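Report on the structure given below.
The values are calculated or read from the model by the stated rules, or taken from the named source; none is laboratory data. Owing to the predicted nature of the structure, the values given are computational and were not obtained by experimental measurement. When we count neighbours, we look across all protein chains shown, and the Cβ atoms used for this are built from the backbone with ideal geometry, even at glycine. Accessible surface areas use protein heavy atoms only, side chains included; no ligands, DNA or RNA. Shrake-Rupley method; radii C 1.70, N 1.55, O 1.52, S 1.80 Å.
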Amino acid sequence: QVQLVESGGGLVQAGGSLRLSCAASGRTFNNNAMGWFRQAPGKEREFGAGIRDSGGGIYYEDSVKGRFTISRDNAKNMVYLQMNSLKPEDTAVYYCAQARSRWIPINTHEYDYWGQGTQVTVSS
């Protein structure tokens, strides 16, 4: 079993920044890709960013590319999402998830473990 706990969400004005953290515990962390997803009210959960097991490969969804940065620290079992130039449309609950594979999938069903989510609200 793996437990994932997100933190760092909050209320920020448009153009501002937030840094989300995800702490992992349980089984080995560095053999799996990690992803950040988000879910806005009334919408499906969508992929935002992912990082390979080693951290050597990264992939972003187009709407966050150039504004968000995903990173991981395998020694600390942590994954981060630095979010800059935030927009009101970034408002959502953000989830950290562990993939079944070493490479980065974008579909939710390819992730086995999920955190409880952290709310990010961007005001205009």
Checklist outcome for this item: The correct count of residues that are under 16 Å from Glu110 (Cα atoms), open to solvent by 80 Å² or more (accessible area, probe 1.4 Å) and assigned to a loop (DSSP other than H, G, I, E, B) in segment 46-63 is 1
Next on the checklist: Residues that are surrounded by 15 or more Cβ atoms within 10 Å (Cβ to Cβ), among the hydroxyl-bearing types (Ser, Thr, Tyr) and over 20 Å from Gln3 (Cα atoms): does segment 98-112 have at least one?
Outcome noted: no
Next on the checklist: I need every pair where a residue in segment 70-93 that is among the acidic types (Asp, Glu) has its Cβ under 8 Å from the Cβ of a residue that is open to solvent by 40 Å² or more (accessible area, probe 1.4 Å) and not in a strand (DSSP E or B), sequence separation at least 6 or different chains.
Outcome noted: Glu89/Ser63
Next on the checklist: Against the definition (free of Cβ contacts under 8 Å to residues at least 24 places away in the same chain and either in contact with an Asp or Glu (Cβ under 6 Å, 6 or more places away or on another chain) or not polar (S, T, N, Q) (or both)), how does Tyr60 come out, yes or no?
Outcome noted: yes
Checklist entry - Of the residues Arg52, Arg67, Arg38, Arg45, which single one is charged (D, E, K, R) and touching a helix residue (DSSP H, G or I) at 6+ places or on another chain (Cβ under 7 Å)? => result Arg45
